[in-house]
Amino acid sequence: MKVAVWGLGQHAIRNILPALNQSRNLSLHGVFSRDKKIVNKCAKDFQCTSWSTLEDMLGDAELEAIYVSTPPGLHYDQGIKVLSANKHFWCEKPFTTDLVDSKKIIDLSIKKKLSVCEALMYLYHPQFTKLKELIDKKALGAIKKVNCRFTLPKLDNPGYRFDASLGGSALLDVGTYPLSAILNLFPKSKIKIVNSALIQDHTNAIDSAGKIELSVDKKINCSLEWAYNKSYRNEIEIWGERGSLFAERIFSKQADYAPSIILKNSKGSKKKIEIMPANHFSLMLESFSDSIYHEDKLNHHREAILNLIKFIHDIKESISNIHN
């Protein structure tokens, strides 16, 4: 299956292009960006094609799917263009910055019978798979508490993150990870927002940090936190009646990193579960391509996209109501 990458920032070059290039079921057909110098270098390095104009890429009859790795504020317009050109639309998180926009893209994908997928790579890593298995099999007993943090240090090249016009937002960026983790760990549960707060960076007109307290089925208390320009934290901690677990680097990790999950029983005795290294970008892309041939998987991706953006919408509304 031939795939193009639209947008050639550091993330795409470092993670997405190599994952596509090494895929068994996918082929990196070409790259596109406004920066022609980067386009030419990537086309040469990865031995793929490129296009002079957007119209040329969208009109390429061999091209089947486009992976969009551009700033969030551009995703809606680009998603409509990709689907209108009868290409599958795979997109970096956040899918869009707005619930209504996401619904419009989903509706068009249904009409066109095309796949839409949101790139939350950690969901496909064996570490998260094992963590979810432990929860589902009640290895900890009834879950009582979840703590989750994803905070980034000051970056030398933050890209779009502090540009409101391009969709800069800590909630939409790092916040999507802990929020999606709760949705995926407790997919059939009723989740209530108990308390939420966003810290505003008024200089750049964005939210630069946030935290939220959630209640899951009125039985599980969840405390989530995310931020820019703080010391690096990337972890989840879960307490149950019979034990607890802790996992570092739950969201972002290198392909050669061997993660683990630390289990403790009710008396505090530790057990370390070693997880094999894996390229979660490759696993994610294989899952995207597989979904094309299965209606239930297509619908799963659509529902997951809408569930997350609705969750984010509800958080914004809850904060707005408090301020009002």
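The figures follow:
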item	result
Additional length obtainable on full extension of the chain from K218 to K145, 0.36 nm per residue less Cα span	25.1 nm
Cross-link pairs beyond the 27 Å C-alpha cut-off, checked among K81/K211; K41/K81; K103/K137; K93/K154; K2/K37	K81/K211; K103/K137
Karplus (6.51, -1.76, 1.60) ³J(HN,Hα), θ = phi - 60°, over segment 136-144, in Hz, Gly and Pro reported as x	5, 8, 6, 5, 9, x, 5, 6, 10
5 angstrom amide H check on S50, placed H, neighbours 5+ away	V31
Cα Rg, Dmax (largest Cα-Cα span) when computed across segment 267-324, Å	18.9, 49
Inter-label distance, nm, simple model (7 Å from Cα along the C-beta direction), L183/D136	1.8 nm
Segment H313-Q10, extension gain: residue separation times 0.36 nm, minus the distance between their alpha carbons	106.2 nm
Normalised convex hull volume, segment 206-294, alpha-carbon set, Å³ per residue	188 Å³
Charged-residue dipole, Cβ positions (Lys, Arg, Asp, Glu), segment 273-319 about Cα centre, Debye nearest 20	180 debye
With all protein chains modelled, accessible area of D56 [1.4 Å, Å²]	80 Å²
Rg/Rh ratio calculated on Cα atoms of segment 20-137 (Kirkwood radius)	1.02
Relative contact order for the chain, counting Cα pairs under 8 Å that sit 6 or more residues apart, in percent	18 percent
At 1.567 mPa s and 4 °C, Stokes D of segment 96-254 from Kirkwood alpha-carbon radius, µm² per second	76 µm²/s
Reachable aspartates and glutamates from K270, criterion Cα separation under 16 angstrom, eight or more residues apart if same chain	E237, E241, E248
R0 of 45 Å, Cβ-Cβ distance Q200-M276: FRET efficiency to nearest 0.05	0.60
Contact order relative to length of segment 242-281, as percent, for alpha carbon pairs under 8 angstrom and 6 or more apart	41 percent
Set K111/K192; K130/K316; K145/K264 screened for pairs whose C-alpha atoms are more than 22 Å apart	K111/K192; K130/K316
For the chain, the longest site-free run once chymotrypsin sites (Phe, Trp or Tyr not before Pro) in DSSP loop states with at most 12 other Cβ atoms within 10 Å are removed	1-231
Selected from C42, C117, C148 as most flexible by GNM, with the chain as the system and alpha-carbon contacts under 10 Å	C42
Extension reserve of the D296-I38 stretch, reckoned as 0.36 nm per residue once the Cα distance is removed	89.1 nm
Heavy-atom accessible area per residue - the chain, 1.4 Å, Å²	49 Å²
Mean separation of Cα contacts under 8 Å, 6 or more apart, over the residue count of segment 62-182: relative contact order %	26 percent
Cα-based convex hull, the chain, per residue volume (Å³, whole number)	137 Å³
Solvent-accessible area, 1.4 Å probe, carbon plus sulfur percent, for the chain	48 percent
Heavy-atom accessible area order for H29, H202, largest first, 1.4 Å probe	H202, H29
Low-density loop positions, trypsin sites (Lys or Arg not before Pro), segment 119-223 - DSSP coil, at most 16 other Cβ in 10 Å	K137, K138, K154, K188, K190, K218, K219
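The values are calculated or read from the model by the stated rules, or taken from the named source; none is laboratory data. This one's a predicted model, so the numbers in the text were calculated from it and none came from an experiment. Backbone-built Cβ (ideal geometry, glycine too); neighbour counts: all protein chains shown. All accessible areas refer to the heavy atoms of the entire protein, side chains included, with ligands and DNA or RNA removed. Shrake-Rupley method; radii C 1.70, N 1.55, O 1.52, S 1.80 Å.
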